[in-house]
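K.L.:
Here's a structure for you.
The values are calculated or read from the model by the stated rules, or taken from the named source; none is laboratory data. From a predicted model like this one, the values you see are computed outputs, not experimental measurements. When we count neighbours, we look across all protein chains shown, and the Cβ atoms used for this are built from the backbone with ideal geometry, even at glycine. For accessibility, only protein heavy atoms count, side chains too; no ligands or nucleic acids. Shrake-Rupley method; radii C 1.70, N 1.55, O 1.52, S 1.80 Å.
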Amino acid sequence: MRRARTWLPGLLLVTPSIVLIGVFVYGMLGWNFRLAMTDKHDEVSEGKFVGLRNFIDIWDQPRWHLSVNHAIVFTVAFVVGALLLGWLLAFLMEKGIRGEGTFRAIYLFPMAISFVATGIVWRWLMNSGTGERAVGLNRLFDWIGLPQWQWFRDPDWGMAAMAIPAIWQMSGYVMALFLAGFRGVPEELREAARVDGCTEWGVYRHVVLPLLRPVTLSALIILGHISLKVFDLIVAVSGKQIITDVPAVFMWVAVFDSHDPAKGATIASYIVLSVAIFVIPYLIWSVRKERRS
């Protein structure tokens, strides 16, 4: 009874959360994978078990290849852009600029806006109209004499342009992570490096940046899983167009437009697996790091 008094209250506290997560997260994931392994390609049939056939057959569809390629381009542009811009903003803030609190609030403010609202604003900013029909950024470029762009309608760089609103929204969050990391580096280590002859850039390269690897990894995981399952931003900016198709949009079309639950569940399963590629190694690394410490 004495032992029970130590762990029973905590168990009772977290039991409702464990049950809800087990049912509505892992239970739904299990149901989705089960549906993906059936031939339920309409809304009325019960569907028979077909194993991994849907997971294999979907690679024969050109639209799936296109959506995967778009997701890769978007992920690379978004993750790299947000990391670089967030690091640069944190670096400038770390140098002690005036009005730091105001700038920090301005950079973090986009996080308070949903991807839908961001997409609606940036749909106007990235309008592909040119000449007298130009609005948003193209009108600004025309006014200062720069060439006008097709933005997300460009067949080659459209998905990279689509990452710009996401970078704008998430770079402030990355800045906050890096700023906390910068200020967590002891000043004694920096002074020791300067005494040894390091330039200011050398201090950041050899002392500060190596200590920020956990922060960089955390930011990479967060940005990576956001980009792989992006849906609302894409639909808000361009709608369900092939030129900006990603797996999440393809899944929506398969389920609600084509009425093919099995295909939609298959696409959703691939999205879950792609996110797991980012998250699971990070969780394993975190657990091992806690055990070593």
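K.L.:
Among the residues of the range 92-101, is there at least one that is in contact with an Asp or Glu (Cβ under 9 Å, 6 or more places away or on another chain) and under 17 Å from Ser171 (Cβ atoms)?
P.N.:
yes
K.L.:
Is it the case that some residue within the range 85-96 is at negative phi, without any contact (Cβ under 8 Å) to a residue 60 or more places away in the chain, among the charged types (D, E, K, R) and open to solvent by 80 Å² or more (accessible area, probe 1.4 Å)?
P.N.:
yes
K.L.:
Let me ask something else about it. Can Phe24 be described as modelled with pLDDT of 95 or more and not small (Gly, Ala, Ser)?
P.N.:
When the stated conditions are applied, Phe24 does not pass them.
K.L.:
Residue check: is Ile280 aliphatic (A, V, I, L, M) and closer than 24 Å to Gln169 by Cα?
P.N.:
So Ile280 fails the test.
K.L.:
Residue check, Pro155 against (1) open to solvent by 90 Å² or more (accessible area, probe 1.4 Å); (2) assigned to a helix (DSSP H, G or I), all met but one. Which one?
P.N.:
Answer for Pro155: the failing condition is (2).
K.L.:
Of all residues in the range 72-123, how many are within 22 Å of Phe152 (Cβ to Cβ), of a type in the set (Ser, Thr, Tyr) and in a helix (DSSP H, G or I)?
P.N.:
2
K.L.:
Which members of the range 1-49 meet the condition of being surrounded by 10 or more Cβ atoms within 10 Å (Cβ to Cβ), of a type in the set (Lys, Arg) and outside any helix (DSSP H, G or I)?
P.N.:
Across the range 1-49, the qualifying residue is only Lys40.
K.L.:
Ok, one more. So which residues in the range 159-198 are of a type in the set (Gly, Ala, Ser) and in contact with a His (Cβ under 8 Å, 6 or more places away or on another chain)?
P.N.:
The answer is Ala193, and nothing else.
K.L.:
Can you tell me which residue is farthest from Ser227 (Cα to Cα) among those in the range 97-144 that are of a type in the set (Asp, Glu) and open to solvent by 60 Å² or more (accessible area, probe 1.4 Å)?
P.N.:
Among them, the one singled out is Glu132.
K.L.:
Further question on the same structure: Picking from Met162, Met170, which residue would you name as being farther than 20 Å from Phe91 by Cα, touching a residue at least 40 places away in the same chain (Cβ under 8 Å) and either among the small types (Gly, Ala, Ser) or in a helix (DSSP H, G or I) (or both)?
P.N.:
After applying the criteria, what remains is Met162.
K.L.:
Another one. Against the conditions (1) buried (at least 20 other Cβ atoms within 10 Å of the Cβ); (2) under 18 Å from Ala236 (Cβ atoms); (3) of a type in the set (Phe, Trp, Tyr); (4) under 18 Å from the mean Cα position of the chain (by Cα), where does Phe178 fall short? Just the number, please.
P.N.:
Going through (1) buried (at least 20 other Cβ atoms within 10 Å of the Cβ); (2) under 18 Å from Ala236 (Cβ atoms); (3) of a type in the set (Phe, Trp, Tyr); (4) under 18 Å from the mean Cα position of the chain (by Cα) one by one, Phe178 breaks only (2).
K.L.:
Within the range 230-272, can you find the residues that are surrounded by fewer than 19 Cβ atoms within 10 Å (Cβ to Cβ), under 17 Å from the mean Cα position of the chain (by Cα) and within 27 Å of Met126 (Cβ to Cβ)?
P.N.:
Once the filter is applied, which keeps residues that are surrounded by fewer than 19 Cβ atoms within 10 Å (Cβ to Cβ), under 17 Å from the mean Cα position of the chain (by Cα) and within 27 Å of Met126 (Cβ to Cβ), the range 230-272 yields Phe231, Asp232.
K.L.:
Determine the pairs where a residue that is closer than 21 Å to Phe55 by Cβ, located within the range 12-35, has a partner that is open to solvent by less than 70 Å² (accessible area, probe 1.4 Å) and β-branched (Val, Ile, Thr) with Cβ atoms under 7 Å apart, the partner being 6 or more residues away or on another chain.
P.N.:
Leu29/Val272
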